1. Hey, what's the per residue convex hull volume over the C-alpha atoms of region 302-425, in cubic angstrom?
2. Using the Kirkwood radius over C-alpha pairs as Rh, can you work out the diffusion coefficient of region 165-289 via Stokes-Einstein at 25 °C, viscosity 0.890 mPa s, in µm² per second?
3. Which of Lys348/Lys408; Lys16/Lys408; Lys62/Lys212; Lys292/Lys347 have a Cα-Cα distance over 24 Å?
4. Bin width 5 Å, origin at 0, all Cα-Cα pairs of region 252-291: what percent of pairs per bin?
5. Averaged over every viewing direction, what's the projected area of the C-alpha convex hull for region 370-425? Give it in nm², one decimal, please.
6. In whole Hz, with x marking every Gly and Pro, tabulate ³J(HN,Hα) for region 198-206 from phi via Karplus 6.51 cos²θ - 1.76 cosθ + 1.60, θ = phi - 60°.
7. Semi-axes of region 207-358's equivalent ellipsoid from the Cα gyration tensor, sqrt of 5 times each eigenvalue, largest first, rounded to whole Å?
8. I need the per residue convex hull volume for the chain, using only the alpha carbons, in cubic angstrom as a whole number.
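Just so you know, all these numbers are worked out from the coordinates, no wet-lab data involved. The shown structure was predicted, so the numbers you read here are calculated from the model rather than taken from an experiment. For neighbour counting, all protein chains shown are included, and Cβ atoms are generated from backbone atoms with ideal geometry for every residue, glycine included.
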Amino acid sequence: MSASIVLGTQWGDEGKGKVIDILASRADVVVRSQGGNNAGHTVANNGQTYKLRLIPSGILYKDTLCLIGAGVVLNPKDFLGEIEGMQARGISCDNLKIDPRAHIVLPWHIELDGLSEAFRGGKDIGTTRRGIGPAYMDKYERSGIRFYDLIHPEIFAEKARATGRLRNEIITKVFGGTPVDIEAMIEEYTEYGKRLAKYEGDVSVLTYEAQKAGKTILFEGAQATLLDIDYGTYPYVTSSHPVSGGVCTGTGVGPKMIDEIYGVAKAYTTRVGKGPFPTELFDSTGDYIRDKGGEYGTNTGRPRRIGWFDSVIMRHAVRVNGLTGIVVNKLDTLAGIDTLKICTAYKKADGTIITDFPPTLEGLEGCEPVYEEHKGFNDDISGCRSFEELPEVCREYIERLEELCECKIKMVGVGPDREQIIERD
Ligand code: IMP
């Protein structure tokens, strides 16, 4: 019996899917607590590749209960498409439950996401344009529509008319956009609600009962620490709380329930969208890592920005999340680079050295990474299954990261498959 969280420590796409899949195979319950279909996990399992957006990875195991918590924003149309896609491949979705409190992403959220990004001009955030920010705006403005409303047609129609009218005013009068046909939307989404009604379940209660019954629970994170609305590089962040605290509010569990908090990182750093990225590479080494590591968005296909491993942001992630262990993925991608760099601190414009990640964009401005250099490696490490099998330079690199991050590195990824992982405990 245990409860673990797996979350991202950098700007997302750290390969959480693989780690989650490994742990999901040992879990009875897998819970998603925040974000929406802006996330994209690729899971390679039994020679098959699955791209998951909202459905928890536990779905690949037929007896695992998969829960979508109150902190998630759910796009019903996309979600039904995901369910159908899984069913078409012979995966049952019968063990899926959605909290009635989870908010719904509606067409005006998607419209407003695109319009406000365009309105920001060159200062856009680079969102996934899935309507995530506007859906959370409605939630916090207390005019959102929740899963409970969606599956009760009369409540849904009444709330959709009230909210939709105002959203259309904003779409047309503020942005000059095309209004959403509210009645047609109500008709379409009422059908989605009918099909989804059977999945309703109180995730807080289900998780609590599962723990009392001695089950193993996994909370799977989406996005990552540096994209957290408070602890990320605001405003270049997502609108939810991908940090460990968000798991508690997003699923309705207390912090004392959690035993392990795994933070997933790459052996380098990537970011999609705009915003600061101190160790970003603009040279051929960056291109090499992008191509070798296949660093293109799962969901949007956007090329990812690439940089060296940054222990300043990692220490921030260790502190903010209370990590009990780190997983370093994609070490194999670094093979073939003569000299590897690790950022140990930042140097401010006035020459001061800082080791704590600045809380504001202004504090980050002018910060230059301070690097230490490590000898690279050429060996194919994709077949290594124990730490001892890794070449000495790789072991030294990992041990140094561990020292700088002030947290145990419990797993090292050496390839995309589930088996290509070295577990150190
Ligand atoms: P939004 O979540 O669509 O509002 O986008 C806000 C920022 O978060 C943008 O920079 C996105 O690229 C980034 N983002 C959102 N979801 C993910 C993810 O799953 N991986 C990486 N970046 C993400």
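1. Once divided by residue count, the hull of region 302-425 is 133 Å³.
2. It comes out at roughly 128 µm²/s.
3. Cα-Cα > 24 Å for Lys348/Lys408; Lys292/Lys347; rest within.
4. Over region 252-291, the share of Cα pairs per 5 Å bin runs 5, 14, 20, 17, 9, 7, 13, 6, 6, 1 percent.
5. Mean projected area of the Cα convex hull: 4.4 nm².
6. Coupling constants for region 198-206: 5, 8, 5, x, 6, 5, 4, 5, 4 Hz.
7. Working: eigenvalues 181, 69, 47 Å².
Here the semi-axes work out to 30, 19, 15 Å.
8. Details: hull volume 58.2 nm³, N = 425.
It is 137 Å³ per residue.
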